[in-house]
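Student: Take a look at the following structure, please.
The values are calculated or read from the model by the stated rules, or taken from the named source; none is laboratory data. Since we're looking at a predicted model, the values are computed, not measured. Neighbour counts are summed over all protein chains in view; Cβ atoms, including those assigned to glycine, are modelled from backbone coordinates with ideal geometry.
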Amino acid sequence: MKIVEFLRPDAVIGTLSGQSGQAVLSELTRPLVAIQKVDGQKLLDTLLEREKLGSTGIGEGVAIPHGKVPNLPGLMASFGRSIPGVDFRAIDGKPTHLFFALFAPENSAGAHLKALARISRIFKNPAFREAILKAANEAEIYRLIEAEDAKY
């Protein structure tokens, strides 16, 4: 499974404006509402419920908010970058800069877990994270994700 199978270029946000976790999560749902014609409030509620269980901020400036949503046609994702960073209650206590939101259909445990593992794996690379932070725009961010994804 490749990330580019569920992340579209027009679901990449080069500059997140949200300064709180909830604002960022709301921002991450917007491209999916426009692209996939899904219920944005349902997506946001899914992410907020998951965050109540514990932060999806995995450290090193990365968060992978995720959840399962009824009646989704398949995996879908959005990506956002916050240069100043957001307090997302990450496990290392540092600001979070890179947000990869993942949504899966209710009955897709295997695909959901594989996608989470793949996203986590590529974002473990410090040089890759740094390149995304320095990227000029959304198209460059997408190309970097696509290239890193192709290595595995």
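Student: Could you check, for segment 130-151, whether at least one of its residues is basic (Lys, Arg), closer than 22 Å to LEU32 by Cα and in contact with a helix residue (DSSP H, G or I) (Cβ under 7 Å, 6 or more places away or on another chain)? Steps first, answer last, please.
Tutor: Let us first name the residues in segment 130-151 that are basic (Lys, Arg), namely 134, 143, 151.
When the remaining residues are screened for being closer than 22 Å to LEU32 by Cα, the result is 143.
Then drop every residue that is not in contact with a helix residue (DSSP H, G or I) (Cβ under 7 Å, 6 or more places away or on another chain), which leaves none.
No, every residue in segment 130-151 fails to be basic (Lys, Arg), closer than 22 Å to LEU32 by Cα and in contact with a helix residue (DSSP H, G or I) (Cβ under 7 Å, 6 or more places away or on another chain).
Student: Does SER78 satisfy being assigned to a strand (DSSP E or B), of a type outside the set (Val, Ile, Thr) and either touching a residue at least 12 places away in the same chain (Cβ under 8 Å) or touching a strand residue (DSSP E or B) at 6+ places or on another chain (Cβ under 7 Å) (or both)?
Tutor: The answer is yes for SER78.
Student: Mind checking which pairs have a first residue in segment 17-45 that is over 14 Å from PRO73 (Cβ atoms) and modelled with pLDDT of 95 or more and a second that is among the charged types (D, E, K, R) and in a loop (DSSP other than H, G, I, E, B), Cβ under 8 Å, 6 or more apart or different chains?
Tutor: Listed by first residue and then by second, the contacts come to SER20/ASP87; GLY21/ASP87; GLY21/ARG89.
Student: With respect to PHE103, is the statement that it is aromatic (Phe, Trp, Tyr), part of a loop (DSSP other than H, G, I, E, B) and either surrounded by 13 or more Cβ atoms within 10 Å (Cβ to Cβ) or without any contact (Cβ under 8 Å) to a residue 60 or more places away in the chain (or both) true?
Tutor: It is false that PHE103 is aromatic (Phe, Trp, Tyr), part of a loop (DSSP other than H, G, I, E, B) and either surrounded by 13 or more Cβ atoms within 10 Å (Cβ to Cβ) or without any contact (Cβ under 8 Å) to a residue 60 or more places away in the chain (or both).
Student: Let me confirm something: among GLY54, GLY59, which residue is surrounded by fewer than 20 Cβ atoms within 10 Å (Cβ to Cβ) and within 20 Å of HIS112 (Cα to Cα)? Before you say what the answer is, go through the steps one by one.
Tutor: Details: GLY59 fails: within 20 Å of HIS112 (Cα to Cα).
Exactly one of GLY54, GLY59 is surrounded by fewer than 20 Cβ atoms within 10 Å (Cβ to Cβ) and within 20 Å of HIS112 (Cα to Cα), namely GLY54.
Student: Hey, among the residues in segment 106-132 that are touching a Lys or Arg at 6+ places or on another chain (Cβ under 7 Å) and not in a loop (DSSP other than H, G, I, E, B), which one's surrounded by the fewest Cβ atoms within 10 Å (Cβ to Cβ)?
Tutor: Across segment 106-132, the extreme among qualifying residues is HIS112.
Student: Which of the following residues is within 20 Å of SER26 (Cβ to Cβ), in contact (Cβ under 8 Å) with a residue 12 or more places away in the chain, loosely packed, with under 15 Cβ neighbours inside 10 Å and among the hydrophobic types (A, V, I, L, M, F, W, C): ILE64, ILE83, ILE91? Break it down stepwise before answering.
Tutor: Numbers: ILE64 fails: loosely packed, with under 15 Cβ neighbours inside 10 Å; ILE91 fails: within 20 Å of SER26 (Cβ to Cβ).
Testing whether each residue is within 20 Å of SER26 (Cβ to Cβ), in contact (Cβ under 8 Å) with a residue 12 or more places away in the chain, loosely packed, with under 15 Cβ neighbours inside 10 Å and among the hydrophobic types (A, V, I, L, M, F, W, C) leaves just ILE83.
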